[in-house]
Amino acid sequence: MQLVSTTSTRQVHFDRLHARGPDAAVVIKLMMACNDLSLANQALDDWKKDQPRERRQREIGARMYFVRVELAHLFEGMKVIEEIQRTPSLRNLVERCDSRTKASFAELEMFAHGGANRAEFEKLIGQVRHNLTFHYYRCEKLVLQAIADRASRREARLSSITRGSTAHLWRFNVADDIVDSVVVRGIWSVPRSADLRTEVDKIADRVHQILLSFVDFSGEFIWKFCEA
């Protein structure tokens, strides 16, 4: 049986948000992170579907792009979680949420600064955000390492670039291959002796769990904030 999607809508008055002062800005930033994560995730799902012929040469790069964007938004969203940690009134609101929401927040705190899993968060998410999603100028060393690695292996020496009559038909698959190497080998440190797909799936599952905790907490927390 197919599940039927349902929604509920709550009207939000800006004068009431204004009265909440800086707390409202923190919660709006949390809303922004949720919206951005949702759009990135939906776009990723769309690119995982069968593509028309003219888009197939771009689908691998598009998937990698939206993964990178998703990780970047999650990294920025974690900064908002840390703001909630530091704000007594918002922290008190967390305590008034249901047990599932509080559990999700506790899980996120493990990945915030000072949390037991912060180093893992930086490894899986932060370094991708810092080096590849926005700051191209910071990735030169990793790019050169990836080029050297591919040049040294016969099966990985060839890639391609494509030009076309419109911008959408141009594609530099060389860059896609390098980004893949930088993330998988350089940042995530998947050894060549391991099964690549198995290891990447493990990492993807781990990141997905963090994402689920973020969305699970944020949705109910925002809803409760807007009750007043």
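The values are calculated or read from the model by the stated rules, or taken from the named source; none is laboratory data. All figures in this text were calculated on a predicted structure; none of them were measured in a lab. Ideal geometry is used to build each Cβ from the backbone, glycine not excepted, and the neighbour counts take in all protein chains shown.
A few points about this structure:
- Test: residue in segment 74-83 that is farther than 15 Å from His208 by Cα, among the aliphatic types (A, V, I, L, M) and surrounded by 19 or more Cβ atoms within 10 Å (Cβ to Cβ): yes
- Breaking point among (1) crowded, with 18+ Cβ neighbours inside 10 Å; (2) within 17 Å of the chain's Cα centre (by Cα), for Cys97: (2)
- Filter result for the condition that a residue is of a type in the set (A, V, I, L, M, F, W, C) and either within 23 Å of Arg58 (Cα to Cα) or touching a strand residue (DSSP E or B) at 6+ places or on another chain (Cβ under 9 Å) (or both), over Val190, Val182, Val215, Val207: Val182
- Checking each residue in segment 116-130 for being more than 14 Å from the chain's Cα centre (by Cα) and closer than 19 Å to Ala72 by Cα picks out Asn117, Arg118, Ala119, Glu120.
- Residues that are aliphatic (A, V, I, L, M), touching a Ser or Thr at 6+ places or on another chain (Cβ under 7 Å) and farther than 21 Å from Arg206 by Cβ occur at least once in segment 25-39.
- From the options Gly115, Gly126, residue that is touching an Asp or Glu at 6+ places or on another chain (Cβ under 6 Å) and within 30 Å of Leu93 (Cβ to Cβ): Gly115
- Evaluated against (1) modelled with pLDDT under 95; (2) farther than 15 Å from Leu212 by Cα; (3) among the hydrophobic types (A, V, I, L, M, F, W, C), Val67 falls short on exactly one condition, (2).
- Restricting Ala194, Ala175, Ala167 to residues that are touching a residue at least 12 places away in the same chain (Cβ under 8 Å) and either more than 30 Å from Gly219 (Cα to Cα) or of a type in the set (D, E, K, R) (or both) narrows the list to Ala175.
- Selection from segment 47-106 of residues that are part of a helix (DSSP H, G or I) and of a type in the set (S, T, N, Q): Gln57, Gln85, Ser89, Asn92, Ser99, Thr101, Ser104
- Selection within segment 1-54 - loosely packed, with under 10 Cβ neighbours inside 10 Å and aliphatic (A, V, I, L, M): Met1, Leu3, Val4
- Annotation note: of Leu74, Leu90, Leu39, the sole residue that is more than 23 Å from the chain's Cα centre (by Cα) and among the aliphatic types (A, V, I, L, M) is Leu90.
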